[in-house]
Amino acid sequence: MAGAIADGYATVTTDSGLGDAMGPNSWALISPGNSNLYALQDLGSQTLYDEAIIAKHLIENYYGREPSYSYWNGCSQGGRQGAALAQRYPSIYDGIIAAAPAINWAGVLINTMWPRVYMDVTEQYPHPCELQQLTALAVSACDGLDGVEDGLIADTNTCKTIFDPHAYVGTEFNCPLTGKSANISSTAAAVANAMWTGPFTAEGESTYLYGLEMGTDLVFGAQTSCTEDGKCTGVPNAAVTVMLAYFIDKDPAITTTKISFKELERAYHSFRQQYDAYLGTDDPDLSSFRNAGGKMITFHGLADPTIPPNNTLNYFKDVLNHQDDAQDFYRYFPVPGLGHCWGGPGGGQPIALFDQLRSWVENGTVPESSPVTITKPDNTHERQVICPFPKKAVYKKTSAGDPAGWSCAV
């Protein structure tokens with residue numbers, strides 16, 4: 001918000017009626033067994049509409065005229081809210097940045113819980129160094145798939161078909177956390193594979209949720225506590241407690257931190273059944289937003305440890321299948337190496353996309369690519385471009401670090 005104000009925008013934000021709550025403890029339940037549906041409706045979309053209307057009235061009263069254009073810029077929960085605005089209030093904003101959107105809230109919660117549920121059920125707890133080393137090996141194997149070795153995996157889907165963590169079981173490496181040599185265990189390979197594959201059922205069948213991409217920080221989601229002799233145990237899964245206590249069983253007294261695969265699957269379906277009407281934002285019909293003249297851009301880091309990028313890609317494909325002309329008003333940019341909204345192992349922050357959104361809305365200039373600056377393993381910087389799906393960045397082998405050396409092609 002401060003950045004937008006500094007750039008001269010009349011700017012507004014909202015706490016969605018939840019105050020400074022950092023979790024659902026203070027607002028999710030009216031009483032044990034009874035969800036606070038008003039708060040859920042406010043969080044889901046209602047306050048977003050109210051915020052926009054109030055802000056526009058304040059601007060008109062102060063400046064004597066309505067704003068010429070209105071824009072939304074949000075990531076994660078803010079990305080979900082951006083998608084909700086396009087779906088439910090299509091004429092409120094002219095342009096929307098909906099980055100790394102938590103479109104399927106139930107799926108986001110399940111994905112957050114999955115690594116530790118898997119470790120608890122299978123009783124496999126790897127050392128963080130092993131997961132870090134498997135990630136480094138995956139990057140080494142897949143870095144050059146896009147024709148450029150820059151420490152980032154751009155072609156993540158192909159990487160999953162050629163890199164098998166089990167092939168590296170027994171590989172010796174130096175653990176920087178202990179300063180000792182170690183070997184990759186079958187436990188680490190199994191946990192890494194489960195995180196890359198995504199949640200599956202008690203019968204071993206894959207679900208409709210996605211895993212993380214190779215190159216992502218696995219330690220973030222699969223935290224363990226290890227002794228000096230290398231024996232590791234699990235860390236209590238607080239997300240399980242929150243999910244059951246405040247959304248599924250609605251009993252704040254619940255302290256459970258371990259559940260089975262079947263209980264995890266039950267929680268997913270129960271959450272969607274109870275709360276999708278308030279928090280669901282995966283409606284692919286954006287025709288009203290299109291008809292209102294709206295434009296939307298979504299970007300998602302391919303090294304996001306919180307929300308799997310393929311969740312976003314799947315939604316974008318649904319939009320394309322629903323509207324043949326979707327790319328005329330909606331573009332999706334995958335960003336290699338970018339973490340959740342920012343950070344990550346070196347991906348470039350797509351800061352130019354907001355100005356490109358403005359140009360698209362106000363001048364009709366379609367964003368065919370966007371410049372980013374990545375950080376390579378040797379801490380040097382290189383300028384590249386990111387491309388709207390289904391196009392990919394192609395290096396034309398001119399001068400290194402020059403965005404003009406890149407193009408977007410299918």
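The values are calculated or read from the model by the stated rules, or taken from the named source; none is laboratory data. Only a predicted model underlies this, so the values are computations on that prediction, with no experimental measurement involved. Here Cβ is always computed from backbone atoms with ideal geometry, including for glycine, and neighbour counts include all displayed protein chains.
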State the number of residues belonging to segment 291-314 that are closer than 18 Å to Leu353 by Cβ and surrounded by fewer than 23 Cβ atoms within 10 Å (Cβ to Cβ).
-> 2
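Run down Thr161, Thr224, Thr207 and say which single residue is among the hydroxyl-bearing types (Ser, Thr, Tyr) and either within 24 Å of Asn104 (Cβ to Cβ) or over 24 Å from the mean Cα position of the chain (by Cα) (or both). Can you show your working first?
Details: Thr161 fails: either within 24 Å of Asn104 (Cβ to Cβ) or over 24 Å from the mean Cα position of the chain (by Cα) (or both); Thr224 fails: either within 24 Å of Asn104 (Cβ to Cβ) or over 24 Å from the mean Cα position of the chain (by Cα) (or both).
Going through Thr161, Thr224, Thr207 in turn, the sole match is Thr207.
Give the residue, chosen from Ser225, Ser206, that is farther than 27 Å from Val319 by Cα and hydroxyl-bearing (Ser, Thr, Tyr).
Unique residue meeting the criteria: Ser225.
Would you mention how many residues in segment 242-262 are farther than 13 Å from Val117 by Cβ and either of a type in the set (Lys, Arg) or not in a loop (DSSP other than H, G, I, E, B) (or both)? Let's see the steps before the verdict.
Taking segment 242-262 as the starting set, the residues that turn out to be farther than 13 Å from Val117 by Cβ are 242, 245-255.
If we keep only those that are either of a type in the set (Lys, Arg) or not in a loop (DSSP other than H, G, I, E, B) (or both) too, we end up with 242, 245-248, 250.
Qualifying residue count for the region: 6.
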Could you pull out the residue among Thr216, Thr187 that is assigned to a loop (DSSP other than H, G, I, E, B), at pLDDT 95 or above and among the hydroxyl-bearing types (Ser, Thr, Tyr)?
-> Thr216
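Going by what's in this entry, would Gln77 be described as surrounded by fewer than 19 Cβ atoms within 10 Å (Cβ to Cβ), within 30 Å of Ile248 (Cα to Cα) and either assigned by TED's automatic domain parsing to the domain that holds Asn291 or in contact with a Lys or Arg (Cβ under 8 Å, 6 or more places away or on another chain) (or both)?
Working: surrounded by fewer than 19 Cβ atoms within 10 Å (Cβ to Cβ): yes; within 30 Å of Ile248 (Cα to Cα): yes; either assigned by TED's automatic domain parsing to the domain that holds Asn291 or in contact with a Lys or Arg (Cβ under 8 Å, 6 or more places away or on another chain) (or both): yes.
So Gln77 fits the description; yes.
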Could you say which residue among Arg383, Arg331, Arg272, Arg358 is closer than 15 Å to Ala83 by Cα and not assigned by TED's automatic domain parsing to the domain that holds Leu218?
-> Arg331
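Within segment 1-89, considering only helices (runs of 4 or more DSSP H) that don't extend past its boundaries, which have at least 2 residues that are touching a residue at least 12 places away in the same chain (Cβ under 8 Å)?
Details: elements: 2-6, 37-41, 47-63, 77-88.
Per the criteria, 37-41, 47-63, 77-88.
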Of the numbered conditions (1) surrounded by fewer than 18 Cβ atoms within 10 Å (Cβ to Cβ); (2) farther than 26 Å from Leu244 by Cα, Gly19 fails exactly one; give the number of that condition.
-> (2)
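Conditions tested, residue by residue: (1) in a helix (DSSP H, G or I); (2) surrounded by 13 or more Cβ atoms within 10 Å (Cβ to Cβ); (3) free of Cβ contacts under 8 Å to residues at least 60 places away in the same chain.
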| residue | (1), (2), (3) |
| --- | --- |
| Trp360 | yes, yes, no |
| Pro367 | no, yes, no |
| Asp378 | no, no, yes |
| Arg383 | no, yes, yes |
| Phe389 | no, yes, no |
| Ala404 | yes, no, yes |
| Ser407 | no, yes, yes |
Candidate set from segment 146-166 (those that are modelled with pLDDT under 95 and in a helix (DSSP H, G or I)); member that is surrounded by the fewest Cβ atoms within 10 Å (Cβ to Cβ) | Asn157
Selection count where residues are closer than 17 Å to Pro403 by Cβ and of a type outside the set (Val, Ile, Thr), scope segment 339-358 | 9
Look through segment 322-341, keep the residues that are in contact (Cβ under 8 Å) with a residue 40 or more places away in the chain and assigned to a loop (DSSP other than H, G, I, E, B), and return whichever of them is farthest from Ser140 (Cα to Cα).
-> Phe329
Residues satisfying the stated conditions in segment 220-267, i.e. among the β-branched types (Val, Ile, Thr) and in contact with a Cys (Cβ under 9 Å, 6 or more places away or on another chain) | Thr224, Thr233
So Gly347 clears everything in (1) of a type outside the set (Val, Ile, Thr); (2) in the same structural domain as Phe299 (by TED's automatic domain parsing); (3) closer than 22 Å to Met296 by Cβ; (4) at pLDDT 95 or above except one condition, right? Which one?
-> (4)
Test set (1) within 21 Å of Asn36 (Cα to Cα); (2) of a type in the set (Gly, Ala, Ser); (3) in contact with a strand residue (DSSP E or B) (Cβ under 9 Å, 6 or more places away or on another chain) - Gly230 fails condition number | (1)
From the residues in segment 167-199 that are at positive phi and free of Cβ contacts under 8 Å to residues at least 60 places away in the same chain, which one is surrounded by the most Cβ atoms within 10 Å (Cβ to Cβ)?
-> Gly170
State the number of residues belonging to segment 241-281 that are touching a Gly at 6+ places or on another chain (Cβ under 9 Å), among the acidic types (Asp, Glu) and in contact (Cβ under 8 Å) with a residue 60 or more places away in the chain.
-> 1
Test: residue in segment 219-241 that is part of a loop (DSSP other than H, G, I, E, B) and within 30 Å of Ile30 (Cβ to Cβ) = yes
